[in-house]
Amino acid sequence: MLEQTLAVLKDDSPDFVSVTYGAAGSTRERTVEITKWIKQDLGIEAMAHLSCVGEPTDRLIEILGEIRETSIDNVLALRGDPPRGETEWKPHPRGLRWSIELIDLIRSQFEFCIGAACFPEVHPEAENLEQDLLYAKRKVDAGASFLITQLFFDNEDYFRFVERARAIDIDVPIIAGIMPITNFEQIKRFTSMCGATIPGELHAQLETHHSTDDPEAVLELGVAYATLQCADLLARGAPGIHFYTLNKSPATRAIMAALKAARPWERVVSEAKELA
Ligand SMILES: Cc1cc2nc3c(=O)[nH]c(=O)nc-3n(C[C@H](O)[C@H](O)[C@H](O)COP(=O)(O)OP(=O)(O)OC[C@H]3O[C@@H](n4cnc5c(N)ncnc54)[C@H](O)[C@@H]3O)c2cc1C
């Protein structure tokens, strides 16, 4: 299935494909192997996610060594979430507590291009946006050279977040994380876990399609909504979109096709020229 998905998405020339590490119950063991396969066999730039969950620091160093040996250059350094069935985040007794510590570890022993996560609607455990932004700044100061956002559905959350980030000198690209809605129950589960909000109007329409047992209509709305979201983001200067594809290609492929036809990113340049 992953092979078929990537065969399709490869035609859209993604800048990179990233492989999750233990997210939402996925296995950790295969991240390095799959990332290597994407880079070496499929010839697509690849990024391995790595989280601090359940691993002592020694093992994290080993995994980083394995990633290094495969000629993968990019690592998304994460804290991770509590394993399924647990609600409270507990670091491994001989492990790391925050993603910043993982970034420090990587920087001190390896040469990778490091990315980190950020949260336009504030991380659920953070005290407030200011505090969360300060940690994002520390991730960048520690060595993250780009940030990818948690999924969000209201672009104003993204642009407000970027503005606040720039105000405290977070000057790296902040890539917008977009999850096309393909299943109502699934997106409700994800958003409740990660603290993202589904705007009222969108929620109401999804609810209507769901209550009339029309999954096709949910999918069509999800794709149309994400397309509008991406077009607006790119037209207003977002440096790129990171699609949470969940190993499925049709929604992302449809969105990409529409974006390539409309080319919203060119509007940023032409509007700037008109103003000059
Ligand atoms: C793009 C993206 C990809 C992801 N991929 C995966 C994946 O592959 N596998 C997976 O398990 N999860 C993944 N996640 C989920 C991620 O692990 C969770 O969102 C997790 O809860 C937070 O990770 P983090 O790296 O931002 O943690 P941290 O940066 O450690 O932040 C966690 C919380 O602690 C606070 N904090 C940070 N540093 C400090 C500090 N020094 N002192 C006190 N508080 C601090 C922050 O404000 C935040 O509230 C991904 C998330 C994103 C956005």
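Between the range 118-196 and the range 45-96, the alpha-carbon centres lie 20 Å apart. Lysines near Lys248 by alpha-carbon distance under 23 Å, same-chain residues fewer than 8 away left out - which ones? Leaving aside lysines fewer than 8 places away in the same chain, those within reach of Lys248 are Lys10, Lys36, Lys39, Lys188, Lys260.
Averaging the sequence gap over all C-alpha pairs within less than 8 Å and six or more residues apart, then dividing by the number of residues, gives the chain a relative contact order of 15 percent. Two-decimal Rg/Rh of the range 76-231 from alpha-carbon positions, Kirkwood Rh? When Rh is taken as the Kirkwood radius, the ratio is 1.02. Cross-link partners for Lys90 among the aspartates and glutamates, with Cα-Cα distance under 14 Å and sequence neighbours closer than 8 places in the same chain left out: Glu55, Asp81, Glu125. The loop-placed GluC sites (Glu not before Pro) in the range 69-123, going by DSSP, that have at most 13 neighbouring Cβ atoms within 10 Å of their Cβ come out as Glu86, Glu88, Glu111. With R₀ set to 35 Å, the beta-carbon distance separating Met1 from Lys90 gives a calculated FRET efficiency near 0.60. Values of log10 I(q)/I(0) for the range 152-197 across q = 0.22, 0.25, 0.30, 0.32 Å⁻¹ run -0.81, -0.92, -1.10, -1.17, by the Debye formula with one identical scatterer at each alpha carbon and no solvent. Computed from point charges on the beta carbon alone (+1 for Lys and Arg, -1 for Asp and Glu), the dipole magnitude for the range 106-264 about its Cα centre is near 640 Debye.
Just the Kirkwood number for the range 12-73, please: inverse of mean 1/r across all distinct Cα pairs, in Å, one decimal. Spell out each step's value before the answer.
Values: mean 1/r = 0.0835 Å⁻¹.
The answer is 12.0 Å.
Evaluate the charge dipole of the chain about its Cα centre and quote only its size in Debye, nearest 20, assuming +1 on the Cβ of each Lys and Arg and -1 on the Cβ of each Asp and Glu.
Values: 28 positive and 43 negative charges, 87 e Å.
Around 420 debye, computed over the chain.
Since only Ile114, Ala261, Ala231 are under comparison, the one whose Cα sits farthest along the positive direction of the charge dipole of the chain, derived from C-beta charges on Lys, Arg, Asp and Glu, is Ile114.
Bear in mind these aren't lab numbers, they're just calculated from the coordinates by the rules spelled out. Nothing here was measured: the structure is a model prediction, and the numbers come from that model. Because the Cβ atoms are built from the backbone with ideal geometry, glycine has one as well, and the counts that use them run over all protein chains shown.
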